[in-house]
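Got a structure for you, written out below as structure tokens; questions coming shortly.
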Ligand code: F0G
């Protein structure tokens, strides 16, 4: 009997980690590539969804976190800190709990989805809400790690990208080669940078014959990679990517330029519509930010960009259950009928009779 061992054990030889580091794992990675008939039909391409909400804490962050927490333990850390829009903190808290480390979380006040907050708290994190945005929180996290004995596990820690690049390996392992295009949401820009590392490594190793064009999508109110300027007051209902000055800005630009890809901005309405349509057509429920790649594909096709005949992978980064409040906003009052436990009444309410 064999069970997936988590990304550190499955790909250890390909990751730049200290020799002999013991893996702290929740068996992350090994996530499904789900074929989307809906998006394939819409674009004329063969479209696959890399469903990262299927990770242990419900987002792609677990790939980097298993690596970062494993190394933190290896180096003797007793406490770890991160700034977060929610998912990184949920993931860090879970892996810290597993490893017996103290997790310390800095989040922008009032802008964290309830599910993510619950995860951090239940896993035992000390959660500090900051009057400021994510970028302020990251500055604070760096300051704390500089002055106190606490290890920083944001993606400015290169070990995080080592773990996250395994998603690119999994895609090539499954498809047999790299896709023509890879689309994904971009916030702090660690993930697009990590995918590019992974695809590049597989090309160099001969595991792939090419690398995809990388297309990154941001929310209009937080789209520094599109405008080329930091956003001092980033704003979007896709709170996970509400980031005005991404830490991996330069690496993300390299990924887009070297690959022949680009960045594009989407309105919150486009992102939320894509979230609903993905759930309705494909049965895949993602959080708002996670739908940015899907919204991007739809917007590109509407703008006349052709993906026809190509293979496209779209990463959907986090699970829809993280933020049910935003998900239901588009539906007004809850769609429900209350009836007596009676077949005729139920049939009428259901429109069957
Ligand atoms: N999608 C989701 C669901 C995210 O949580 C994030 C980032 C991104 C996309 C963007 O990825 O930052 O690597 O470009 N969330 C971070 C956090 C910032 O704190 O959870 P990125």
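The values are calculated or read from the model by the stated rules, or taken from the named source; none is laboratory data. Just so it is clear, the structure is predicted and the values come from calculations on it, not from any experiment. Because the Cβ atoms are built from the backbone with ideal geometry, glycine has one as well, and the counts that use them run over all protein chains shown.
For the stretch 43-65: of the residues being part of a strand (DSSP E or B) and within 15 Å of the ligand (Cβ to nearest atom), which is surrounded by the fewest Cβ atoms within 10 Å (Cβ to Cβ)?
51
Another question, then. Is it the case that residue 68 is under 17 Å from residue 166 (Cα atoms) and either within 13 Å of the ligand (Cβ to nearest atom) or not in a loop (DSSP other than H, G, I, E, B) (or both)?
yes
Still on this structure, I have one more. Tell me whether the stretch 188-203 contains one or more residues that are at pLDDT 95 or above and under 16 Å from residue 108 (Cα atoms).
Within the stretch 188-203, one or more residues are at pLDDT 95 or above and under 16 Å from residue 108 (Cα atoms).
Then there is this: With the condition kept exactly as written, say whether any residue in the stretch 166-174 is within 12 Å of the ligand (Cβ to nearest atom), in contact with a strand residue (DSSP E or B) (Cβ under 9 Å, 6 or more places away or on another chain) and farther than 25 Å from residue 27 by Cβ.
No; the residues of the stretch 166-174 include none that is within 12 Å of the ligand (Cβ to nearest atom), in contact with a strand residue (DSSP E or B) (Cβ under 9 Å, 6 or more places away or on another chain) and farther than 25 Å from residue 27 by Cβ.
Give me a count of the residues in the stretch 8-34 that are more than 14 Å from residue 54 (Cα to Cα), surrounded by 13 or more Cβ atoms within 10 Å (Cβ to Cβ) and in contact with a helix residue (DSSP H, G or I) (Cβ under 9 Å, 6 or more places away or on another chain).
Number satisfying all stated conditions: 10.
Count, please, the residues in the stretch 306-339 that happen to be at pLDDT below 95 and assigned to a loop (DSSP other than H, G, I, E, B).
Count: 11.
Would you be able to tell me the number of residues in the stretch 280-323 that are farther than 23 Å from residue 44 by Cβ and away from the ligand (no atom under 14 Å from the Cβ)?
Residues flagged as farther than 23 Å from residue 44 by Cβ and away from the ligand (no atom under 14 Å from the Cβ) within the stretch 280-323 amount to 0.
Just to be sure I understand, how many residues within the stretch 96-121 are touching a residue at least 12 places away in the same chain (Cβ under 8 Å) and loosely packed, with under 15 Cβ neighbours inside 10 Å?
3
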